[in-house]
Amino acid sequence: MKQIKNLKRGILLFLLALLIVWPFLFQSKYLLHILILIFIWSYVTTVWSYMGRFGLVSLGHGAFFGIGVYTTAILFNLHHVSPWLGMFVGGLVAAAIAVVLGYGCFKFGVIGHYFAIATLVLSEISTLVIIALRDALQTGGRLGLTIRSVGTSPLYLQFDNKMYFYFLALALLLLALFIWKKIDESKAQMALKAVGEDEEAALSLGIDVVKYKTAVFALSAFLTAVGGTVYVQFTMFADPTTCTGVGLSLGIVFKAIIGGMYTLWGPTIGSLLIVILEEYTRLFLGSAYVSYSHIIYGLLIIVLIRFLPKGLHGTVSEIFQGRRKREAKTLLAGRQLAENRD
Amino acid sequence: MLKIEGLHAGYGGFEVLRDVSIEVGAGETVAVLGPNGAGKSTLLKVIAGLLKPSSGAIHFENRRIDGKAPYEIVEMGISLVPEGGRLFPELTVYSNLMMGSFNKRTRRYFKDSLEEVASLFPIIKQRKNQVAGLMSGGERQMVAIARALMSRPKLLMLDEPSSGLAPKIVASIFEFVKEIKDRGYSVLMVEQTVKKAVNVADHIYLLESGRVEFHGKKEDFLENPKIKRSYLGI
Amino acid sequence: MLILNSVVNGVLFGGVLALMAFGMNLMFGVVQIVHLAYGQFIMVGLYLVYVLAILYHVPLLLSCAAATAAVALLSILAYYLVVKPLLKAPPINQLLALAGVWMVLENACLALFGATYKGVQVVLPVLHVGELYIAASNLIGFVVGLITLAMLYLFLNKTYTGVAIRAIAQDPEITGIMGVNPRTVYLVTFAVGGALAGITAACFVPVYSVHPHFGGAFTLLAFIIVILGGMGNLLGGFIGAFIIGVVTSVSSTLLNPEIGQIIVLLICLLIIIIRPQGLLGVRGK
Ligand SMILES: Nc1ncnc2c1ncn2[C@@H]1O[C@H](COP(=O)(O)OP(=O)(O)O)[C@@H](O)[C@H]1O
Ligand SMILES: [Mg+2]
């Protein structure tokens, strides 16, 4: 048991080391580009999956991503505000919206597929807002906008050498995975699992479920918007179809489902597979055929939900080991909390 | 006609019925009595196919029916009046009766069935177009029985037809049950209130905590000293 | 006058919207499923009309009829392949699987027809009634919508299958002991829902040129109406359709159309949160 764990840790450390030296070993700009995309989407999908732990499927993360993209872009293009600040502002706007929407939903018991629908509406609103502001804030509407280029400038988060984005995105992904772990190990999370969806019982353990869910939603929204900022600084171009809206939201959810939305590595694996699939079709069939890759992963989703209704969950063995261990821990945490209250 | 042997059933891991065996002969009226929570409704649900038993066998007219879907069981001639009637609240009385004759075996007799049922419950003609949800409890119970009869059952099952009704109405409901019995239907009835039910029944089963604690003829039931004490209050 | 004019056209357009919402509502009420890909079926219907009428020169009315039948078949297919295996799954899984259907249909149309607008150019007159200008396309949609709804009303009240559809929405358990096989009812519901999507598409032919992203917009429009009227509440959806028809029409006359839509969506969000039974519905059954 311990050996397996050590082996796993060894492999992970090796992979990490490999990823760190990669850009110095291999010069391929194309591969670097793909890896950056994989990191960014893995990051966003992992951040999305924080919600999944509570059975909350958000179809609104496209909106948060778009808020990050467009807040940064507009502040910079119109007012010359540094994207570092824009990233922060975008995150706060996203978090604020998440707090209002989340608090309303959780307070009134809008969970499950009703929550999904509510957040879906948010996604649609985000697209419409960007189109409506095409002149007022020069979002460019459906045609999109381009970030004004200032060459390489760390202050303005612009680099001609993509390597900087590579490390930035990798760091974000590691951060997202780290936070995932922290949430997973948090006492509140374990206690919540112990009592299931029973909010009264959770309350008796001293956890305000509504508050906790809202907080996680806000955190997830903030970090998603940050992802949006990095993405747009990397691509220097934004339009509503790729940077926000229902399509993007579904894309994020699907990546998580394909990889497994309840495990640490699931979202990363899903993003890896889908980015590769998309790039493969783009490269070998031409960009007019990218829609084929979307057909494939739409079908994949349907098949997965049907035959592996709980998602891929990483590997089967992980389910077995992980669950037993986690359950034991969960019960313990629940009891401790209960005792603390007495 | 109906033969239940060694039936076990429950919800999830929670066993409600334990080794229940019950028989209903053709033309007989059988009452299953027992306190609240004994498993009476569960028993009827299992027979109607709404709940799968965990073990045991149910035969109806020498055909095995446990495990069959509810719609197949109606087709074979068993009809259930659920507790509280459970009419479709937003449908009219007429549409509710239509649902009663939904099964293929009896659909073409709809008009005849309607006449027959109306001769028992004249109210269904007067209230044909009323929405079921707006009727009183007693009326709903009558329409629910009428709806079950529309499927021309050989065996009619009644789940506490008297529950929640005023004493006067309870009396008339039992009159109807007697009338139904006289028309030749086999009846399996489940009740908490013992006295009224005993009057119409030929055979009595006593169900306590999911077990049959007594079964026998009405006379034996009334004579049994233990039952006298705890159920009849004598 | 301008406003009155758009109110009238909005009411007329509401007829088609009522039809569109009815399909989604029926599937929600009966099968308890949120049909996220419903708009994509309408979109497919529009493409089919385009293919038949423009590429194969089939007469327009015949094209519409064929498209309706084809969409109904597609809906049945979706029932068998996607919905039926998930009937007992958590609603969120059903929703996501249908999101998969959304993805597949949208991108299939993108792959087949590209990202340009395709449409049948039907030139319909604008009628003058007194000082009102009424688009004939709206009038046709209104009439077709109402006739279809009237036929549905008869179906749901007079036929065994129709009554069973209503019954199962009220009490699925008891419907079973009436001798109804729920799977058959679900299948019929999907067929009817698909046919409604097809007829809606036919009514949209003179109004819209179609684009692969339209499906999502249709789904959302149907959603908004259904939510406004209370999910599963057929009468509520009917009234909601006319409200949305008028609001959309008036707001696009007075404001920028996106702002009108944003306001409608915000109201929709509020309703989901504080009045899930809909503006017009009553809580519970
Ligand atoms: N749907 C259900 N799920 C779980 N337990 C149930 C359900 N229905 C009944 N029970 C339990 O089964 C037992 C018997 O119930 P029931 O058959 O309704 O009794 P009766 O009809 O004799 O009052 C009770 O303890 C009750 O709590
Ligand atoms: Mg009972």
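The values are calculated or read from the model by the stated rules, or taken from the named source; none is laboratory data. This structure is a prediction, so every number in the text was calculated from the model and none was measured. Neighbour counts are summed over all protein chains in view; Cβ atoms, including those assigned to glycine, are modelled from backbone coordinates with ideal geometry.
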Residue check for C:ALA217: touching a residue at least 40 places away in the same chain (Cβ under 8 Å), closer than 30 Å to B:GLY133 by Cβ and of a type in the set (Gly, Ala, Ser):
no
Can you tell me which residues in segment B:38-51 are within 14 Å of chain C (Cβ to nearest Cβ) and within 13 Å of ligand 1 (Cβ to nearest atom)?
B:SER41, B:THR42, B:LEU44, B:LYS45, B:VAL46, B:ILE47, B:ALA48, B:LEU50, B:LEU51
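On the basis of being away from ligand 2 (no atom under 16 Å from the Cβ), at negative phi and among the small types (Gly, Ala, Ser), does B:ALA197 make the cut?
no
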When A:VAL110 is run through (1) in contact with a helix residue (DSSP H, G or I) (Cβ under 8 Å, 6 or more places away or on another chain); (2) within 14 Å of chain C (Cβ to nearest Cβ); (3) assigned to a helix (DSSP H, G or I), the failure sits at (3)
Among what's in segment B:1-37 and is buried (at least 23 other Cβ atoms within 10 Å of the Cβ) and within 22 Å of B:SER230 (Cβ to Cβ), pick the residue that is farthest from ligand 1 (Cβ to nearest atom).
B:ALA31
Take segment A:260-277 and flag every residue that is within 22 Å of A:LEU175 (Cα to Cα) and away from chain C (no Cβ under 14 Å).
A:THR263, A:LEU264, A:TRP265, A:GLY266, A:PRO267, A:THR268, A:ILE269, A:SER271, A:LEU272, A:LEU273, A:VAL275
Hits in segment C:220-271 (condition: in a loop (DSSP other than H, G, I, E, B) and more than 10 Å from chain A (Cβ to nearest Cβ))
C:GLY230, C:GLY232, C:ASN233
Matching residues, segment B:150-203, being over 11 Å from the mean Cα position of the chain (by Cα), hydrophobic (A, V, I, L, M, F, W, C) and either within 16 Å of ligand 1 (Cβ to nearest atom) or outside any loop (DSSP other than H, G, I, E, B) (or both)
B:ILE169, B:VAL170, B:ALA171, B:ILE173, B:PHE174, B:PHE176, B:ILE180, B:VAL194, B:ALA197, B:VAL198, B:VAL200
Only one residue in B:ALA38, B:ALA31 is within 15 Å of ligand 2 (Cβ to nearest atom), out of contact with any helix residue (DSSP H, G or I) (no Cβ under 8 Å at 6 or more places or on another chain), of a type outside the set (Ser, Thr, Tyr) and in the same structural domain as B:GLU191 (by TED's automatic domain parsing), so which one is that?
B:ALA38
Could you tell me which numbered condition B:GLU72 fails, if it satisfies all but one of (1) away from ligand 2 (no atom under 16 Å from the Cβ); (2) within 14 Å of another protein chain (Cβ to nearest Cβ); (3) among the acidic types (Asp, Glu); (4) closer than 27 Å to B:SER162 by Cβ?
(4)
Go through the residues of segment A:224-240 one by one and say whether even a single one is buried (at least 24 other Cβ atoms within 10 Å of the Cβ) and under 27 Å from A:PHE108 (Cβ atoms).
yes
Every listed condition ((1) in contact with a helix residue (DSSP H, G or I) (Cβ under 6 Å, 6 or more places away or on another chain); (2) under 21 Å from B:VAL177 (Cβ atoms); (3) among the β-branched types (Val, Ile, Thr)) holds for B:ILE78 save (1)
Mind checking which residues of segment C:234-282 are of a type in the set (Gly, Ala, Ser) and closer than 19 Å to A:LEU133 by Cβ?
C:SER251, C:SER252, C:GLY260
Regarding C:TYR56, is this residue at pLDDT 90 or above and away from chain A (no Cβ under 14 Å)?
yes
Condition (residue is crowded, with 17+ Cβ neighbours inside 10 Å, in contact with a Gly (Cβ under 8 Å, 6 or more places away or on another chain), touching a residue at least 24 places away in the same chain (Cβ under 8 Å) and closer than 26 Å to C:ALA136 by Cβ) applied to segment C:265-273: is it met by at least one residue?
no
Residue by residue through segment C:59-94, note down the ones that are more than 14 Å from chain A (Cβ to nearest Cβ) and either outside any helix (DSSP H, G or I) or not small (Gly, Ala, Ser) (or both).
C:PRO59, C:LEU60, C:LEU61, C:LEU62, C:CYS64, C:THR68, C:VAL71, C:LEU73, C:LEU74, C:ILE76
Going residue by residue through segment C:121-137, is there one that turns out to be touching a Phe, Trp or Tyr at 6+ places or on another chain (Cβ under 7 Å), crowded, with 20+ Cβ neighbours inside 10 Å and not acidic (Asp, Glu)?
no
C:LEU98 - would you say it is more than 23 Å from C:GLN170 (Cβ to Cβ), facing chain A (nearest Cβ under 10 Å) and of a type outside the set (Gly, Ala, Ser)?
yes
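Condition check ((1) part of a helix (DSSP H, G or I); (2) over 13 Å from the mean Cα position of the chain (by Cα)) across all residues:
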residue	(1), (2)
A:LEU19	yes, yes
A:GLN27	no, yes
A:LEU32	yes, yes
A:LEU37	yes, no
A:ILE40	yes, no
A:TYR43	yes, no
A:TYR50	yes, no
A:GLY55	no, yes
A:LEU59	no, no
Which numbered condition A:GLY260 misses (of (1) at pLDDT 90 or above; (2) within 30 Å of A:PRO23 (Cβ to Cβ); (3) touching a His at 6+ places or on another chain (Cβ under 6 Å); (4) among the small types (Gly, Ala, Ser))
(1)
Of all strands (runs of 3 or more DSSP E) fully inside segment B:1-89, the set with 3 or more residues that are more than 18 Å from the chain's Cα centre (by Cα) is B:2-11, B:14-24, B:55-60
Given the condition more than 10 Å from chain C (Cβ to nearest Cβ), free of Cβ contacts under 8 Å to residues at least 60 places away in the same chain and more than 13 Å from ligand 1 (Cβ to nearest atom), answer yes or no: does some residue in segment B:82-89 qualify?
no
Could you check segment B:97-112 and list, in sequence order, the residues that are part of a helix (DSSP H, G or I), within 21 Å of the chain's Cα centre (by Cα) and either away from every other protein chain (no Cβ under 13 Å) or under 17 Å from B:GLU72 (Cβ atoms) (or both)?
B:MET99, B:GLY100, B:ARG105, B:THR106
